[in-house]
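Let me begin by presenting the structure, written as structure tokens, before commenting on it.
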Amino acid sequence: MTAQPHLRPRPGSIPTSPGVYRFRDEHGRVIYVGKAKNLRARLSSYFQDFAGLHPRTQTMVSTAADVDWTVVGTEVEALQLEYSWIKEYDPRFNVKYRDDKSYPYLAVTMNEEFPRVQVMRGAKRKGVRYFGPYGHAWAIRETVDLLLRVFPVRTCSAGVFRSARNSGRPCLLGYIGKCSAPCTGKVDAEEHRALAEDFCSFMAGDTGRFIRALERSMRTAAEEQEYERAARIRDDIEALRTALEKQSVVLGDSTDCDVIAVAEDQLEAAVQVFYVRGGRIRGQRGWVVDKVEDVGTGGLVERFLARLYGEGADAAAVPREVLVSTEPDDPEAVAEWLAERRGSRVDLRVPQRGDKRSLLETVAKNAEQALARHRTQRAGDLTTRSRALQEVQEALDLPEAPLRIECFDISNLMGEHVVASMVVFEDGLARKSEYRRFSVRGLSKGDREQNDVASMHEVVHRRFSRYLEESSKAGELAVMGENAGEREGEHGASRPGRFAYPPNLVVVDGGRPQVEAARRALDELGIDDIAVCGLAKRLEEVWLPDEEDPVILPRTGEGLYLLQRVRDEAHRFAIAYHRQKRAKALTGSVLDEVPGLGPARRTALLKHFGSVRRLSEATAEQIAEVPGIGAGIAEAVHARLSGTEGRNDGG
């Protein structure tokens, strides 16, 4: 993969104005659209150092055959034009947000003579009022069933409506008062449309007006001794309040905002939106996106806002406030564009405290769960897992698919508390009962990179030394899944130990030095039938022993996705163990190393003397005066703190 020299425009030919640029392939198709405050600076960055570009950007530039640009007046115009071109050309190297499910909406067809309330999915239609989205269709139906008592709007299909109009008889809902029966002329089109408008107003957050009006009607009916009508109105009020209770109150009654949070990994991102109207959560929606371009979190947020509120979206859907987990790359231009879409000022910000911050944290948790759920669904599919294993086998030229993969990662902080993790994936799925962790021994404080390599060698050597020991105890080299039950049941052999199963593939978190250290450890043990590779974080390259160049797996392939999941899980497991050791070291003291001195006695000593320093100044006799501390323990504590532990009488 190389850069295209002819792509680079002549020096000085690119303007320094804001604008939008397009990369095209050899067939003239637009493959990438981007915007820039300074076109010259942005486009020049693609041609300065090809090797330093992100792999996704390298692929785009090497695929492109031409680049052009359009100058605009302001950054807001650049944002608008970029969105329009992305929508028009659908470039393959731009991120594409897609719903992580088809969300249902409560829709009111205001474009019909007699508006209808119904559940709708898919693309939005002109002239239809939408509320939601909701997590489940049944939630919409429950809400509608409650509101029809007060707003008896038509809910039947066109066919049922025509049939009732022809027969002159309303449906069951018309008989029980949950439909105003416009099909039979009980109300005319204007009266029915007024009911639909009131229904929409209530769903949009104007709830207090209707409840107060009903309460006045109820009191009037009671004063006129029309108790049955008062009871019906009371039940209507209760129905409205029940519908409101189904929508959580999270902020002040006057708050209208959208709360947006992003969760991401190396290849994908998930976005969650909570729609808050009148202080209540009126809906929730999620998207997932493949990160096919080199874009940061701010860029993801900016592109998402353009998609959410861009052309085709109802301008009235832009709220007064947009709360985000990360500011877009150009917050001022985005806020100005949103204000143009809304027709009034829009407050775009990251909340720092209070209820809005708490709500944003809830939305962020939903985004993280959505990303985890998406990854689990992708990983849990048998066909996908099989394809991933096959891709790894072909890329690494393995004799068979790596049904058992073990991955090792080293974690330390400036050479302190060096630990390692080993995670196991079988048939593409994590096998957590087989995870192991190691405390790395015998490293001197020195070059961190060299220590990482030495640590990797030590850990791999220790793991496979145990493999040889335990497999020899079982009487033969254990082969994963082959007659294991037979050996134990029929021949009485002991169950294989924790390290008795060999992997088909060892993956190390790192580049060529770590891979060679792992291979060297296996060679020293005489093991030559286990493949080794490394996955480097920066460019996601796969390194093999004794190879000068890395293997580049397809960025969107399942094989790379599997290796990344294995590597990320090993990293997570190592970090967790490292933090545990570091926390223990920070909260411990020199007293932890005194034999026979348990937590209760340590607490008693510190309570009596006030600090370890004062304790170190005390004599053994003074230490022995503490309740529960005998002469032997007092001598051991004094010797440890005074530095005389282990010395002989002769000095």
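The values are calculated or read from the model by the stated rules, or taken from the named source; none is laboratory data. What you see is a predicted model, and the numbers here were worked out from it, not measured in a lab. Every residue, glycine among them, receives a Cβ derived from its backbone with ideal geometry; neighbour counts consider all protein chains shown. Keep in mind that these areas ignore ligands, DNA and RNA; they rest on the heavy atoms of the full protein, side chains included. Shrake-Rupley method; radii C 1.70, N 1.55, O 1.52, S 1.80 Å.
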*Determine the share of segment 47-89's accessible area contributed by carbon and sulfur atoms, expressed in whole percent, with a 1.4 angstrom probe.*
50
*If we sort 147-158, 43-54, 570-581 on the protection proxy, mean other Cβ atoms within 10 Å, highest first, what's the order?*
147-158, 570-581, 43-54
*Give me the number: length gained by fully extending LEU468 to ARG209, i.e. 0.36 nm times residue separation minus the C-alpha to C-alpha distance, one decimal in nm.*
85.4 nm
*asked:* Can you compute the modelled spin-label distance between ARG613 and ALA51, with each label point 7 Å from Cα toward Cβ, in nm?
replied: 5.4
*asked:* For the full complex of protein chains and a 1.4 angstrom probe, list TRP543, TRP69 by accessible area with the highest value first.
replied: TRP69, TRP543
*Rounded accessible area of ASP294 (nearest 10 Å², 1.4 Å probe)*: 90
*asked:* Quick check on packing: order 509-517, 431-439 by the mean number of other C-beta atoms within 10 Å, highest mean leading.
replied: 509-517, 431-439
*Roughly speaking, what is the stretch gain from ARG125 to THR362, that is 0.36 nm per residue apart minus the C-alpha to C-alpha distance, in nm to one decimal?*
82.2 nm
*HIS27-VAL551 FRET efficiency (beta carbon distance; Förster radius 25 Å; 0.05 resolution)*: 0.30
*Taking the Cα-to-Cβ direction at ARG141 and at LEU539 and moving 7 Å from each Cα, how far apart do the two end points lie in nm?*
5.6
*Report the extension gain between ALA600 and ALA576 in nm, rounded to one decimal, defined as 0.36 nm multiplied by the number of residues separating them, less their alpha carbon distance.*
5.8 nm
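Taking the Cβ-Cβ separation of ASN166 and SER254 as r and a Förster radius of 56 Å, what is the calculated FRET efficiency to the nearest 0.05?
Details: r = 48 Å, r/R0 = 0.85.
Working from the Cβ atoms, E equals 0.70.
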